[in-house]
Amino acid sequence: MTARKGPRAPRPNDHTPPARDGTGETKGQRPFWDSPAGAFILACGVLLLAVAVLYRELIFGGKVFFAPDSMSAGSLVTAGKNLLARDGYPLWNPYLFAGMPSFGSLCFTPYVYPVNFVLGIFVRYLFFPEYTWLLFHTFLAGLGTFLLLRERGVRMSAALPAGVLMMWMPNLVAIGANGHGSQACAVAYLPLALYFWDRLWRGKGLVANGAALALVFGLSMLRGHLQVSYYTYGLVGLHAFYFGVMRILDAARARTSDTSPLPGSWRDRLGAGASQMKLAIADVLGAWLVLALVVGLSVMMSAVLYLPVTDYAKHSIRGASLEGGLDYSYATMWSLHPLEMITFLVPHSFGFGKELYLGHMPFTDYPNYLGVVVFAFALVAVIGVRGRWVRFLSVVWVVATLISFGNFFPVLYGPLFKLLPFFNKFRVPVMILIVQQLATMVLFGIGLDGVLGAERERLRGRATRVLIAAAAVFAAAVLSHGYWTGGFAGAAAKHVRVTHDPDQQRMVAQMAGQFLARDVFQLALIGLFAALAVFAFARRNLGAALLAAIILVLGAADYYRVDRFILHPEIFLHHDGYRILHDRSETERFKASDEMVEFLKKQPQPFRVLPVDGAQTEPAGDGTPPPISFELQGLFATNRFMVFDIGSVGGYQPAKLQDYEEFIRALKFSMEHGRLDLADMMNTRYLVAGVRLADHPALKPVWAGRDYNGEARAIYENAGAFPRAWVAGAYRIEKSDEALAVMANGEVDLRHTVMLDKKPAVEPVPGDSAAVTVVKLGAMESSFQVTLDRPGIVVVSEVYYQDWKATVDGAPAEMLRADHVLRAVALPAGHHEIVFHYDASLVREGATISITTFTLTLLAWAGAALLRRKGARWNRSS
């Protein structure tokens, strides 16, 4: 709200709440549903109904989401639960990438998100759907949007459609449907964070709103999707910066402000004669200080996750580089090309997703569609309603969109990546579009409110012009139908990536053109109906409530036709392999054993598998072993083996250890040159392939058949696999990168010589008369019995990580980094017991901080709310 000198009457464009009396009711007699409590209850009912309509198959049909990413995540959760039952709370996953932190990498973090406790009760004892967690957080996103608009004075009939449509936003639907559960849940806190901070900024209660904001930030962080949490902090920070600058500019222009984030007693300390500028600076600095305190509380609240995650980040691909973050090219792979902004209004303009995608990202399953109805009313807010709050939301929209361009807009993204704290830890720039979409939806509510409250005589002329334009667009859509399946398809064929065959490219492009033709027609028709509704309202043929209902129905229909593509791609792509909504039995089948798994489970442990794709290759002319084609995508990325307690050298997780990422590249290089020594040292006794591998002296096919999904699979036994632990009688000191190059080039016998980065305390003596016995292999502890007749270095084929500590015969011992990624301990001759245990002290310290801070903040919020309620009662009684 723009501050002015002296008192003035409120204007509709300010979007401030209507005057209320001491009871919290709007002045004058109102029906219950128009009271704050009644409106809230009604809104909750409508929002819950909208959730049930959208996700009726999850609630009433017994369906579950089963997309590739949900398979990977489900495998991690299942393996984590197995480890939890067997070994206690698992901070390490021994199955993924030959072992990696499960807690610090956010693979498996049970019991840290308080909301899950409550939701778990509903699912376990009250028979709520399995996806209650997704339904609840979807509802929370809609409720937060509704509350934010109501707080800013938007009428019920405009705020409620915005809340419903926020839940139906295609991007939010796609996030949950495609297995990104933590992201979908974290998004729910975006509007709530803005709601509580905006209340605090406008002096609605410092302690209550500050504590509530800290709880919102903390819960967002504890949900475990730090990138969305980062954007949540950023959104509130942008609000504080924008309105803080505006507050100071108002003072410089001698404009007074009737709101302040600080209590009046604090401002009084500046003195009665304090200038407007001094008061403004005090307000802004005080508010920023409060925000810093709130952020600090939320970080402490999430310490149980924040401390281990930041500690792990220094060693993962997200923080182990020289710049302290991700590689720039990797981080910006999913950048939105500016031309793809067309998908904001025409979702099929770049083929929509999957094999039909014609855009500039590596691949995608869906566009970031805003909706023609939603965007139109958002424009009404920007052009017709205006006001400082609208300008702020416009700034949010522009900033988020520009950041989403990523490497297509390096003038902004480059400095942010280099200078903004923690920004370089995150990838997928298009993810920030969820912030833009929230801003769009809030603007939609304001725009719809502006139309509903406008003078109809003044609205009639504009509505007429809009109707004429909408009719012209509809006519153009009808006339252009043939172009999309003809000229467009011909031009788009060269952009099809799923095949290189020109005929098939034209076929795919023509299919994309058919969807686009239908898309354009439907969009034009929906826009025409919306324009007709506004025109009828302007001519007094429709009431405000009916217009709001029609706009809600049109917006929901617009979103639903896109959501259908997301939820049921198999219908539109005519292939059941694209299905992501399945019967619950499908997930059980994924977790059930098959013939391939049964074969592996019968083999004596310990061993690891290496999933590969490959092709038959002719031997080289000089008789050297033929290369083995080794693909890092496809089958290699499966996490399914861990469901059955089978360790794998491969897997999928977007934040693996940096050292292991480097090792994988070296492994690929060595296998492409026909060498298996790097696979051997990882205890890789079996290679699981989707096709026939090239002949190799060490590989012997031992099983062939089909997996649970009917896909052909073959298992090759690797005769050269090293045991899980062995003794090396020699060592070679090299820097980490140089050691990996030596290993990849096959310049060292890894069975007898270990690569170290420093001299061991015990000098080994060459020889093979040593015995190593595996006593225990667990998620939190591993132990080995070793008998040596001479000093040696015991190399353990377990991934090196700083939180593993070693003891020898009960005394602390030095754990060496061996062969770039493994652990080693130098021992003198004799009989010894080596025990590796995972240090959980950081998690325990973080849990103590989190529980204490969360409890105190919750008490502060409850106490402030109670005092406020007592104050209201006292006012009524007096």
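Summary of values
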{"quantity": "Qualifying residue in the stretch 807-821 (condition: of a type in the set (A, V, I, L, M), surrounded by fewer than 23 Cβ atoms within 10 Å (Cβ to Cβ), in a loop (DSSP other than H, G, I, E, B) and touching a Gly at 6+ places or on another chain (Cβ under 9 Å))", "calculated": "no"}
{"quantity": "Selection from the stretch 723-740 of residues that are of a type in the set (D, E, K, R) and surrounded by 20 or more Cβ atoms within 10 Å (Cβ to Cβ)", "calculated": "724"}
{"quantity": "So residue 515, is it in contact with a His (Cβ under 6 Å, 6 or more places away or on another chain) and at pLDDT below 95", "calculated": "yes"}
{"quantity": "Tally, over the stretch 194-209, of residues that are open to solvent by less than 10 Å² (accessible area, probe 1.4 Å) and touching a residue at least 24 places away in the same chain (Cβ under 8 Å)", "calculated": "4"}
{"quantity": "Residue identified as among the hydroxyl-bearing types (Ser, Thr, Tyr), buried (at least 24 other Cβ atoms within 10 Å of the Cβ) and either in contact (Cβ under 8 Å) with a residue 40 or more places away in the chain or within 22 Å of residue 242 (Cβ to Cβ) (or both) among 131, 189", "calculated": "189"}
{"quantity": "Positions within the stretch 741-759 being in a loop (DSSP other than H, G, I, E, B) and open to solvent by 10 Å² or more (accessible area, probe 1.4 Å), in sequence order", "calculated": "745, 746, 747, 748, 749, 751, 752, 757, 758, 759"}
{"quantity": "Residues of the stretch 848-871 satisfying the condition of being closer than 15 Å to residue 214 by Cα and among the hydroxyl-bearing types (Ser, Thr, Tyr)", "calculated": "850, 852, 853, 855, 857"}
{"quantity": "Counted residues, the stretch 548-599 - those being among the aromatic types (Phe, Trp, Tyr) and under 23 Å from residue 639 (Cβ atoms)", "calculated": "3"}
{"quantity": "Answer residue from the stretch 560-603, given it is of a type in the set (Asp, Glu) and open to solvent by 60 Å² or more (accessible area, probe 1.4 Å) and is farthest from residue 522 (Cα to Cα) among those", "calculated": "598"}
{"quantity": "Check on residue 508, of a type in the set (Val, Ile, Thr), in a helix (DSSP H, G or I), crowded, with 21+ Cβ neighbours inside 10 Å and at pLDDT below 90", "calculated": "yes"}
{"quantity": "In the stretch 134-149, the residues that are crowded, with 24+ Cβ neighbours inside 10 Å and over 23 Å from the mean Cα position of the chain (by Cα)", "calculated": "146, 148, 149"}
{"quantity": "Residue among 700, 668 that alone is touching a residue at least 12 places away in the same chain (Cβ under 8 Å) and under 34 Å from the mean Cα position of the chain (by Cα)", "calculated": "668"}
{"quantity": "Qualifying residue in the stretch 32-51 (condition: within 24 Å of residue 589 (Cβ to Cβ), open to solvent by 40 Å² or more (accessible area, probe 1.4 Å) and not hydrophobic (A, V, I, L, M, F, W, C))", "calculated": "no"}
{"quantity": "Restricting the stretch 387-406 to residues that are at pLDDT 95 or above and either open to solvent by 60 Å² or more (accessible area, probe 1.4 Å) or not hydrophobic (A, V, I, L, M, F, W, C) (or both), the residue that is farthest from residue 152 (Cα to Cα)", "calculated": "406"}
{"quantity": "Residue that is surrounded by 21 or more Cβ atoms within 10 Å (Cβ to Cβ), assigned to a helix (DSSP H, G or I) and among the small types (Gly, Ala, Ser), where the choices are 536, 549, 530", "calculated": "530"}
{"quantity": "Top-ranked residue of the stretch 701-722 - restricted to ones that are under 18 Å from residue 605 (Cα atoms), in contact with a helix residue (DSSP H, G or I) (Cβ under 7 Å, 6 or more places away or on another chain) and small (Gly, Ala, Ser), ranked as surrounded by the fewest Cβ atoms within 10 Å (Cβ to Cβ)", "calculated": "720"}
{"quantity": "Any hit, the stretch 457-474, residues being aromatic (Phe, Trp, Tyr) and either touching a Pro at 6+ places or on another chain (Cβ under 8 Å) or within 30 Å of residue 151 (Cα to Cα) (or both)", "calculated": "no"}
{"quantity": "Whichever residue in the stretch 309-339 is over 21 Å from the mean Cα position of the chain (by Cα) and in a helix (DSSP H, G or I) and, among such residues, is surrounded by the fewest Cβ atoms within 10 Å (Cβ to Cβ)", "calculated": "339"}
{"quantity": "So residue 304, is it assigned to a helix (DSSP H, G or I) and within 20 Å of the chain's Cα centre (by Cα)", "calculated": "yes"}
{"quantity": "Pick from the stretch 150-170, criterion within 15 Å of residue 191 (Cα to Cα) and of a type in the set (D, E, K, R), ranking: surrounded by the fewest Cβ atoms within 10 Å (Cβ to Cβ)", "calculated": "151"}
{"quantity": "Unique match (being open to solvent by 30 Å² or more (accessible area, probe 1.4 Å), β-branched (Val, Ile, Thr) and assigned to a strand (DSSP E or B)) among 825, 772, 762, 794", "calculated": "772"}
{"quantity": "Selection within the stretch 480-505 - crowded, with 16+ Cβ neighbours inside 10 Å, part of a helix (DSSP H, G or I) and under 33 Å from the mean Cα position of the chain (by Cα)", "calculated": "492, 493, 495, 505"}
{"quantity": "Flag for residue 680 being acidic (Asp, Glu), touching a Lys or Arg at 6+ places or on another chain (Cβ under 7 Å) and either under 30 Å from residue 590 (Cα atoms) or without any contact (Cβ under 8 Å) to a residue 12 or more places away in the chain (or both)", "calculated": "no"}
{"quantity": "Tally, over the stretch 61-111, of residues that are part of a loop (DSSP other than H, G, I, E, B), open to solvent by 20 Å² or more (accessible area, probe 1.4 Å) and of a type in the set (A, V, I, L, M)", "calculated": "1"}
{"quantity": "Residue 262 being at pLDDT 90 or above and either open to solvent by less than 60 Å² (accessible area, probe 1.4 Å) or in a helix (DSSP H, G or I) (or both)", "calculated": "no"}
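The values are calculated or read from the model by the stated rules, or taken from the named source; none is laboratory data. Remember, predicted model here, so these are calculated numbers, not experimental data. Every residue, glycine as well, gets a Cβ built from its backbone with ideal geometry; the counts of neighbours run over all protein chains shown. To get the accessible areas, we keep the full protein, side chains included, count just its heavy atoms, and leave off ligands, DNA and RNA. Shrake-Rupley method; radii C 1.70, N 1.55, O 1.52, S 1.80 Å.
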